[in-house]
Amino acid sequence: MERILPGEIAWYVTGRFYAAEDKTLLDAGYFLHLQGIDAGLFSGAPGEGTAFLTFLADPFTATGLTNGDLALGMDAVGEFAVYLNRGGASFDDPASFGAGEEIARFRRVSVVTGVTVGSGARDRPLFSQNLFSARLVSSREFELGGRRYDLRRLMPHGITQWGTSATAPAGALPGYTSVVPFVGSAIAVGGPG
């Protein structure tokens, strides 16, 4: 297992942002690709129900502000975990993405700024994105496809991820005011030494 060099692609993920009725936010999803993992990431046709590697953020809060046609969200510093999830997950149950064995935990290093641009048809955003860096704060070895892996060996200093959100919610879910799909692309970051 070779370490991912700084600036190289670390992963691709997809998931959903959940805005709860109590004003907290979280995101949950699964890995489409994780560099350095040679095993298959799905137990069948790719999707949340067959994904072996999932993630779930601890609930966080955001402060909103506007600048003309830009709606900005300033997300508080928080953590998210990566799970070896052999039972499958469902976007109808965000907690299901945190089932299984926690294999890594990351902490966002600063406030995350997300931006939504303008308003298109039916008051839907024209474009929405965010960017954040997160440090790896813990990891443990896990087995997948008959091999042992550890994210600390692959990306010891963490990642920087760009995310792009859909322009329309995915549908209603009890307890949530909004559920929005997104895709994220991350690169490994370097560190001292």
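The values are calculated or read from the model by the stated rules, or taken from the named source; none is laboratory data. Since this is a predicted model, take the numbers as computed values, not measurements. Every residue, glycine as well, gets a Cβ built from its backbone with ideal geometry; the counts of neighbours run over all protein chains shown.
To keep it simple, each residue is scored yes or no on (1) modelled with pLDDT of 95 or more; (2) touching a Gly at 6+ places or on another chain (Cβ under 6 Å); (3) of a type in the set (S, T, N, Q); (4) assigned to a strand (DSSP E or B).
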site: Ser128; (1), (2), (3), (4): no, no, yes, yes
site: Leu131; (1), (2), (3), (4): no, no, no, yes
site: Gly163; (1), (2), (3), (4): no, yes, no, yes
site: Ala168; (1), (2), (3), (4): no, no, no, no
site: Gly171; (1), (2), (3), (4): no, no, no, no
site: Gly184; (1), (2), (3), (4): yes, yes, no, yes
site: Gly191; (1), (2), (3), (4): no, no, no, no
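Quick check: anything in the range 20-38 within 19 Å of Arg152 (Cβ to Cβ) and in contact with an Asp or Glu (Cβ under 9 Å, 6 or more places away or on another chain)? Yes. Which members of the range 84-94 meet the condition of being outside any loop (DSSP other than H, G, I, E, B) and surrounded by 21 or more Cβ atoms within 10 Å (Cβ to Cβ)? Hit for the range 84-94 is Pro94, nothing else.
Annotation note: of Ala81, Ala28, the sole residue that is outside any loop (DSSP other than H, G, I, E, B) and touching a residue at least 40 places away in the same chain (Cβ under 8 Å) is Ala28. Here the range 149-161 is the region considered, the condition is being under 29 Å from Leu72 (Cβ atoms) and in a loop (DSSP other than H, G, I, E, B), and the residue that is nearest to the chain's Cα centre (by Cα) is Gly158.
Residues that are in contact with a Phe, Trp or Tyr (Cβ under 9 Å, 6 or more places away or on another chain), crowded, with 17+ Cβ neighbours inside 10 Å and under 17 Å from Thr24 (Cα atoms) within the range 36-70 comprise Leu56, Ala57, listed in sequence order.
Here is a check on your reading of the model: is Gly40 in a loop (DSSP other than H, G, I, E, B), more than 21 Å from Thr177 (Cβ to Cβ) and at pLDDT 95 or above? Yes; evaluated as a whole, the condition is true for this residue.
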